[in-house]
Amino acid sequence: MGPTPDVLLVGCGDLGADIGLRLAARGHGVVAIRRRAELVPEPLQGLAVDLSREAPALPPLDLGLLVVALTARPRSEESYRATYVDGMGRALDALDRAAQVPRRAVLISSTGVYGDVPGDEILDEDTPPQPADGPARMLLEAERLFAERVPAGTVLRLSGLYGRGTARLVTQVREGNVTDPNRWTNRIHRDDAAAAAVHLLTRAEAPGRLYVGTDDEPALLGDVAAHLAAGLDVPAPPVADPALGHGKRLSNARLRATGWVPQHPTYREGYAD
């Protein structure tokens, strides 16, 4: 038997597993909750629980760090409520019963809580959320619940994740299926997203309550698609016109100010592979 685990990972999909592995590499013992524990990578300790239906029976913990990185399917209000609100609540109830209070905690949320806003506005942590659908409303409710129940909690709102494996946009470019070149897009490479969560959990100075996790450059979809088309040697998509740009643009200035530096500051570096 090794030392008592000091990290609880609530949700262990691709991103959650990456966060857990990075913490394990730093010497932490990590318990990871996932519906199918056999899919949890070693050396993480898998705990098979369907949080949308049941409460976890936690092993002994000496909790220092808590990460909530859940994934809901399908994308519906009911599914997101069951996973992000009710499911997270069950995990937090289990920690309360075990008298475990984390020193640091991060909830992975989404910039989807901002909804649809004009492209001439740069959004940041001070921008009021305006969720446009049921899943986004449930994410915002999960953020509220997390802030209420986890005094040391930090919410990390991530923009569009990409990286590792064939990206959906790459497939669209290959197939000539880019239909809205003037839409502003925001993205963050999965490696940078995981590194941001670990950075907030482990930096010397206590983090704030909320950060936007995105790369350095909001970009028109047509510009990103043109860059990919050139690299793939396929026909170029429709040309983007900045004067017609629409959609939200995000700032990572607050996260950058903590000392986090993305390895993939723009889509150019991120899609290089």
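What follows is calculated from the coordinates using simple rules that are stated; it is not laboratory data. This is a predicted model, so every value here is computed, not measured. Methodologically, a virtual Cβ is constructed for each residue, glycine included, from the backbone with ideal geometry; neighbour enumeration extends over all protein chains shown.
Numbers for the structure displayed
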{"item": "Residue ID - surrounded by the fewest Cβ atoms within 10 Å (Cβ to Cβ), chosen from residues in the stretch 251-273 that are under 21 Å from Glu121 (Cα atoms) and not hydroxyl-bearing (Ser, Thr, Tyr)", "result": "Ala257"}
{"item": "Hits in the stretch 242-271 - residues which are assigned to a loop (DSSP other than H, G, I, E, B) and out of contact with any helix residue (DSSP H, G or I) (no Cβ under 8 Å at 6 or more places or on another chain)", "result": "Gly245, Gly247, Ser251, Asn252, Val261, Pro265, Thr266"}
{"item": "Filtered residues of the stretch 92-129 (kept if in a helix (DSSP H, G or I) and either in contact with a Pro (Cβ under 6 Å, 6 or more places away or on another chain) or among the charged types (D, E, K, R) (or both))", "result": "Asp93, Ala94, Asp96, Arg97, Val113, Tyr114"}
{"item": "Per-region count, the stretch 169-221, residues closer than 30 Å to Pro102 by Cβ, of a type in the set (Ser, Thr, Tyr) and surrounded by 19 or more Cβ atoms within 10 Å (Cβ to Cβ)", "result": "2"}
{"item": "Candidate set: the stretch 138-168, residues that are charged (D, E, K, R) and crowded, with 18+ Cβ neighbours inside 10 Å; chosen: the one farthest from Ser52 (Cα to Cα)", "result": "Arg157"}
{"item": "Leading residue by the ranking (farthest from Val198 (Cα to Cα)) among those in the stretch 38-48 that are surrounded by fewer than 19 Cβ atoms within 10 Å (Cβ to Cβ) and under 21 Å from the mean Cα position of the chain (by Cα)", "result": "Leu39"}
{"item": "Some residue of the stretch 116-138 being of a type in the set (S, T, N, Q) and under 24 Å from Asn252 (Cβ atoms)", "result": "yes"}
{"item": "One residue from Gly11, Gly16 being farther than 18 Å from Leu145 by Cβ and out of contact with any His (no Cβ under 7 Å at 6 or more places or on another chain)", "result": "Gly16"}
{"item": "Entirely in the stretch 5-88, the strands (runs of 3 or more DSSP E) that have 2 or more residues that are without any contact (Cβ under 8 Å) to a residue 40 or more places away in the chain and closer than 22 Å to Arg104 by Cα", "result": "30-34, 45-48"}
{"item": "Unique residue being over 21 Å from Leu250 (Cβ atoms), loosely packed, with under 15 Cβ neighbours inside 10 Å and of a type in the set (D, E, K, R) when the list is Asp86, Asp93", "result": "Asp93"}
{"item": "Output for the stretch 236-273, where each listed residue is among the basic types (Lys, Arg) and under 24 Å from Gly112 (Cβ atoms)", "result": "Lys248, Arg249, Arg254, Arg256"}
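Residues are listed down the side, and each one gets a yes or a no for (1) within 16 Å of the chain's Cα centre (by Cα); (2) closer than 30 Å to Ala243 by Cα:
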| residue | (1), (2) |
| --- | --- |
| Leu66 | yes, no |
| Pro74 | no, no |
| Tyr80 | yes, no |
| Ser110 | yes, yes |
| Val117 | no, yes |
| Ile122 | no, yes |
